[in-house]
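To start, the structure under review is shown below, and the notes come after it.
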Amino acid sequence: MPKGYHGLSNVDHAAQGRAAVVVVNLGTPDAPSTAAVRRYLDQFLSDPRVIEQPRWLWWLILHGIILRLRPARSARAYARIWTSEGSPLLVHSRALAAAMNARLRGQRAGPVTVELAMCYGNPGLPEVLLRLHDSGVRRLLILPLYPQYSATSTGAVIDAVADVMKTLRWPPELRIVNSYHDDAAYIEALAQSVEAHWRSHPRAQHLLLSFHGIPQRYFAAGDPYFCHCQGTARRLAERLQLKPDEIGVSFQSRVGREAWLQPYTDATLAALPGRGVASVQVLCPGFVVDCLETLEEIALENRDVFLHAGGDRYEYIPALNAQDTHVNMLTDLVLRHTQGWPEFSEHWSDASAETARAAPLAHYERIKHDA
């Protein structure tokens, strides 16, 4: 038998077990300092799912150039949006997971917990998964907080989960949400957030949907991310009844010299005033909670781009964060993906769980008696 697997010597194999939902976000540095950002970027940019380059070449670039120059610049950007509670991404992700946990408990589920993990940084996904395993979790749903699938995001989460599962002597039953870019409730939550903004702010001439970018060659290799983003945008435009010239799609956060998905957000915003668009509102449907890319890059940096190009009014529409519509939508998504698991049934009871637990014990006693 193979050695080195993670297991528990005192585990009760007849126990009913527990179920868990792990919501996974990208991650964040522990502090807005150069050292903390360097640690985070080292882990993030070392993932071959994120950077598809020959490992030896990328190691030289990463450690010889990027980790020497970028951490200080990124730390200054993080400092602009850091809060007294910490990183906005971590704060909002924790609030979202806690609200989902409360909503699930209110749905008469059995012994179920919602946990937050980060693909990079803390709380680390491997540590969370091992802790749940050791606590007796036998059914596990992984929910990457990426509505649109990309190998660089959801694919990276799947890899990380698989790496942990390979170390477990008795892995739990596992399900993973691949994407929900066209989910009707997700589109409705986005639409309601836009409409709520319109009720408190005059509607702009143009609504720009800015998604995180990926290199163009990833799309050419078969990554569906571009198509998922376009699908989200198309359904949202239909729901808001916007004409083609009233809504647009762009891609942000590109790095390096190679071509990324286009059109680029900054270039689009710079060009809009020249086309007669004096007011714009920007929504980032791919970011489920506010973070560096929304609060610093979109709300601050790109605001300057648009205004300096001659625009008059620029507004960022916040991410869904822990809004009720978002919590309800994700919780319903969880319930759909966990159908058939007893802990998620509205008919769960401690008595039925005890009966299920007693069945194999009674069978074992019969075998001993017959022997």
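The values are calculated or read from the model by the stated rules, or taken from the named source; none is laboratory data. All of these numbers come straight from a predicted model, not from anything done at the bench. Every residue, glycine as well, gets a Cβ built from its backbone with ideal geometry; the counts of neighbours run over all protein chains shown. Just so you know, the surface numbers come from the protein's heavy atoms only, side chains and all, with ligands and any DNA or RNA stripped out. Shrake-Rupley method; radii C 1.70, N 1.55, O 1.52, S 1.80 Å.
Check whether at least one residue in the stretch 241-251 is part of a loop (DSSP other than H, G, I, E, B), of a type in the set (S, T, N, Q) and within 30 Å of LEU45 (Cβ to Cβ), and report yes or no. First the steps, then the outcome.
Pass one, the stretch 241-251, residues part of a loop (DSSP other than H, G, I, E, B): 241-243.
Right, trim to of a type in the set (S, T, N, Q) and you get 241.
Filter once more, keeping what is within 30 Å of LEU45 (Cβ to Cβ): none.
Within the stretch 241-251, not a single residue is part of a loop (DSSP other than H, G, I, E, B), of a type in the set (S, T, N, Q) and within 30 Å of LEU45 (Cβ to Cβ).
Can you tell me which residue in the stretch 239-265 is nearest to the chain's Cα centre (by Cα), limited to those that are over 14 Å from PRO285 (Cβ atoms) and among the charged types (D, E, K, R)?
Looking at residues that are over 14 Å from PRO285 (Cβ atoms) and among the charged types (D, E, K, R), I get ARG254.
Out of the residues in the stretch 54-97 that are loosely packed, with under 13 Cβ neighbours inside 10 Å and either modelled with pLDDT under 95 or among the aromatic types (Phe, Trp, Tyr) (or both), which is nearest to ALA31 (Cα to Cα)?
Only one residue tops the list, namely TRP59.
For the stretch 16-90, list the helices (runs of 4 or more DSSP H) that sit wholly inside it and hold at least 3 residues that are under 21 Å from the mean Cα position of the chain (by Cα) and not small (Gly, Ala, Ser); which are they? Give the derivation first.
Numbers: elements: 34-45, 55-61, 67-81.
It comes to 34-45.
Check ASP223 against each of (1) in a helix (DSSP H, G or I); (2) crowded, with 17+ Cβ neighbours inside 10 Å and name the one condition it does not meet.
So ASP223 meets the others, but not (1).
Could you list, in sequence order, all residues of the stretch 265-282 that are hydroxyl-bearing (Ser, Thr, Tyr) and surrounded by fewer than 22 Cβ atoms within 10 Å (Cβ to Cβ)? Full working, then the answer.
The first filter runs over the stretch 265-282 and keeps only residues hydroxyl-bearing (Ser, Thr, Tyr), leaving 265, 268, 279.
Across the stretch 265-282, the qualifying residue is only SER279.
Testing ILE158 on (1) open to solvent by 20 Å² or more (accessible area, probe 1.4 Å); (2) under 18 Å from ARG336 (Cα atoms), one condition comes back false. Which one is that?
The failed condition is (2).
Just checking, does the stretch 198-207 include any residue being open to solvent by 20 Å² or more (accessible area, probe 1.4 Å), out of contact with any strand residue (DSSP E or B) (no Cβ under 9 Å at 6 or more places or on another chain), more than 16 Å from VAL282 (Cα to Cα) and basic (Lys, Arg)? It would help to see each step written out before you state the result.
Restricting attention to the stretch 198-207, the residues satisfying the condition of being open to solvent by 20 Å² or more (accessible area, probe 1.4 Å) are 198-203, 205.
Okay, now just the ones that are also out of contact with any strand residue (DSSP E or B) (no Cβ under 9 Å at 6 or more places or on another chain), so 199-200.
Next, only the ones that are more than 16 Å from VAL282 (Cα to Cα) stay: none.
For the stretch 198-207, residues open to solvent by 20 Å² or more (accessible area, probe 1.4 Å), out of contact with any strand residue (DSSP E or B) (no Cβ under 9 Å at 6 or more places or on another chain), more than 16 Å from VAL282 (Cα to Cα) and basic (Lys, Arg): absent.
If you take the residues in the stretch 308-334 that are open to solvent by less than 40 Å² (accessible area, probe 1.4 Å) and in a helix (DSSP H, G or I), which one is nearest to ALA196 (Cα to Cα)?
Checking each candidate, the answer is HIS326.
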